[in-house]
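The next block holds one structure in the form of structure tokens; read it before the comments.
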Amino acid sequence: MSLSQATVVLTRPEGKNESLQRQFEDAGLAVVVLPALTLSRKPVSEPVPMLAAYDLIFFVSGYAADCFFDLLDEQGVRWPAQLQAGCVGPGTARTLQARGVPEHDILSPAAGQARDAGGFVTTLKDSGVFATLQSVLIVCGTTGNNWFAGQLQAASVAVTRLPLYTRQARLWCEQEQRQMAFLLREGTGPLYVVLTSPQGVQSFIRNVADTGWFPAQATRSITFVVTHPGQQDSLIQGWQQAFSGCDPATLRIVQASPEDAAIFHAVTKSD
């Protein structure tokens, strides 16, 4: 692949693309940032739950961690000593450390495990922590995958969800629609689209459909990079529904773990 001719479209919410954008641009790729979702902190008037009552507080993302610790600051609550925090990605772990959680109190998937909820559960079970859990607080958005909570509840662990932000589909403005339509119709090199959530996949497809572009002929020039098998299923199903004349079997999809380094590698190693 000629890196100088490739374009990467990043669709994470605003403020979540900068580091990956720099990596691609330093490698000679053109980058277009078109967020598919918006994140907004949810107003919370209730007191924070009694943190010491939980064996583990699990954060679904770095944004969830920031919202949580901002709430603690506003309510004058301190993180209890020796309380364990859980997360799936190194970015979230770094956010927790920056917020004052000691590294040795942060649990995340071990080396060789998937950087997702399944990998986190496997790590918990392998470490023996899972067997001792009685109560877990999950800091999350108002929507999202409940698989992890279900795994805990199936093991008789009491689960409390604390939704602190909303995730909403973002509609591209006219200029952004024209920009994407140009890439799809007249792009001169490989086009890579990075999708990192089922909701982001759905919003991206709807925005592409709103450009008025019919993708049957240009699909072969696009490589979609997804960060979970469920996103691949959402992409295939959504694409088929939005573009009935396009065979979803022609979609080129590669999977990477959600870390920036893995996404970068998935793009730059593609032919």
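The numbers here are math on the coordinates, done by the rules we state, and not lab data. What you see is a predicted model; the values in this text were computed from it and never measured. Positions of Cβ are generated from backbone atoms using ideal geometry, with glycine treated the same way; all protein chains shown enter the neighbour counts.
Computed quantities for the displayed model
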read-out: Directionally averaged shadow of the chain, computed from the convex hull of its alpha-carbon atoms, nm²; value: 15.2 nm²
read-out: Rg(Cα) / (2.2 N^0.38 Å) computed for segment 1-94, rounded to two decimals; value: 1.46
read-out: Estimated Rh, segment 121-244: Kirkwood, alpha-carbon pairs, angstrom; value: 17.3 Å
read-out: Per residue Cα convex hull volume in Å³ - calculated over segment 1-158; value: 140 Å³
read-out: DSSP loop trypsin sites (Lys or Arg not before Pro) with at most 16 other Cβ within 10 Å excluded, longest remaining stretch of the chain; value: 79-268
read-out: Rel. contact order, % - alpha carbon contacts under 8 angstrom, at least six apart, segment 114-163; value: 40 percent
read-out: Environment charge at His228 (Cβ cut-off 10 Å; Lys +1, Arg +1, Asp -1, Glu -1); value: -1
read-out: Amide proton proximity set for Val32, modelled H, under 5 Å, gap of 5+; value: Val8, Val9, Leu10
read-out: Within segment 229-251, backbone nitrogen closer than 16 Å to the virtual label 7 Å beyond the Cα of Ala114 toward Cβ; value: 229-235
read-out: Sites excluded, GluC sites (Glu not before Pro) in DSSP loops with at most 16 other C-beta within 10 Å, longest stretch of the chain; value: 15-258
